[in-house]
Amino acid sequence: MTETQIFEPDGRAISYAVEGNGPSVVLIAAQGLAIDYLGTLAHLLAEEDFRVLRIASRPASAHELARDVVDIMDAVDVKDAWLGGHAFGGSVARAVAIDFHDRVNGVLLLGVEAGDLTLAEGLPVLVIQGSADEVTPPANGEALQAAAPDRVSVVSIDGGGHMFPSENVGATSWAIEDYLDWD
């Protein structure tokens, strides 16, 4: 697996890892989880010719963390990317898309947190959700799709719980690859 590095702009210690070559996909970990659990997913995407940047969350608001994401993207020379995140990491991805619209090609949400349904204008969104996820239940992704049916697509991982990005990694990777249709 790819070695985790620490980026420390302005005293903020942010874990990240990057692997692969090709169009960039950023994966933001759920709050409180190390980026390691997204490693197998990142590796599978890198094998399909994506450059994958995994970024950890720290205790801060989604919009403060959006700055972290863009700072790391700058540090590793990622000009634009598909921004994705798991649970709260998805809220951060949505904040990056709103605050730094020109850096985002689209949004990949691995489970959707309840609440705010705001999306950046004009960007496509793929929601991947576990059908048995009780933390970010499927109803949240369905509500987001109902709010923007022309831009939000939903893929359900049958039987997937909250940790589906690491427990159902093949199905999660396939959904991303199929949606981005890079081959």
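The values are calculated or read from the model by the stated rules, or taken from the named source; none is laboratory data. What you see is a predicted model, and the numbers here were worked out from it, not measured in a lab. All Cβ positions, glycine included, derive from the backbone under ideal geometry; neighbour counts span all protein chains shown. For the accessible areas, the whole protein counts, side chains as well, though only heavy atoms, and no ligand, DNA or RNA atoms are used. Shrake-Rupley method; radii C 1.70, N 1.55, O 1.52, S 1.80 Å.
Quick one: plug the Kirkwood hydrodynamic radius of segment 4-49 (C-alpha pairs) into Stokes-Einstein at 4 °C, 1.567 mPa s, and report D in µm²/s. Could the numbers behind the result be given before it?
Working: Rh = 11.7 Å.
Here the translational diffusion coefficient equals 111 µm²/s.
Using the Cβ-Cβ distance between Leu117 and Thr4 with R0 set to 35 Å, the FRET efficiency works out to roughly 0.60. Solvent-accessible area assigned to carbon and sulfur over the chain amounts to 48 percent, based on a 1.4 Å probe. Which of Ser61, Ser91, Ser156 moves most in a GNM of the chain, Cα contacts under 10 Å? Judging by the Gaussian network model, the answer is Ser61.
Taking label positions 7 Å along the Cα-Cβ direction at both His43 and Asn21, the computed distance is 2.0 nm, reported to one decimal. The alpha carbons of the chain stretch over 39, 30, 30 Å along the principal axes, in descending order. With each label modelled as a point 7 angstrom along the Cα→C-beta vector, the Asp99-Ala75 pair spans 1.6 nm.
Once you order the gyration tensor axes a ≥ b ≥ c over the Cα atoms, which shape class does segment 34-125 get: rounded for a/c under 1.5, otherwise prolate or oblate by comparing a/b with b/c? Judged from the Cα gyration tensor, segment 34-125 comes out rounded (a/c under 1.5). Kindly state, to the nearest 0.05, the FRET efficiency for Glu134 paired with Glu64, given R0 = 35 Å and r defined as their beta-carbon distance. Plugging the Cβ-Cβ distance into 1/(1 + (r/R0)^6) gives 0.80.
Measuring with a 1.4 Å probe in the full set of protein chains, what accessible area per residue, in whole Å², belongs to the chain?
43
The Cβ shell under 15 Å around Gly115 holds other residues with a net charge of -2, Lys and Arg each +1, Asp and Glu each -1.
Okay, helix-only estimate at 222 nm for the chain: each DSSP H run of n ≥ 4 adds -39500 (n - 2.57), divide by all residues, round to 500 deg cm²/dmol; what do you get?
The per-residue figure over the chain is -10000 deg cm²/dmol.
If one computes the Cα centroid of segment 28-52 and of segment 72-144, what distance in Å separates the two points? The distance from the Cα centre of segment 28-52 to that of segment 72-144 comes to 15 Å. Taking a ≥ b ≥ c as the square roots of the eigenvalues of the Cα gyration tensor, an a/c ratio of 1.5 or more together with a/b no larger than b/c marks segment 107-183 as oblate.
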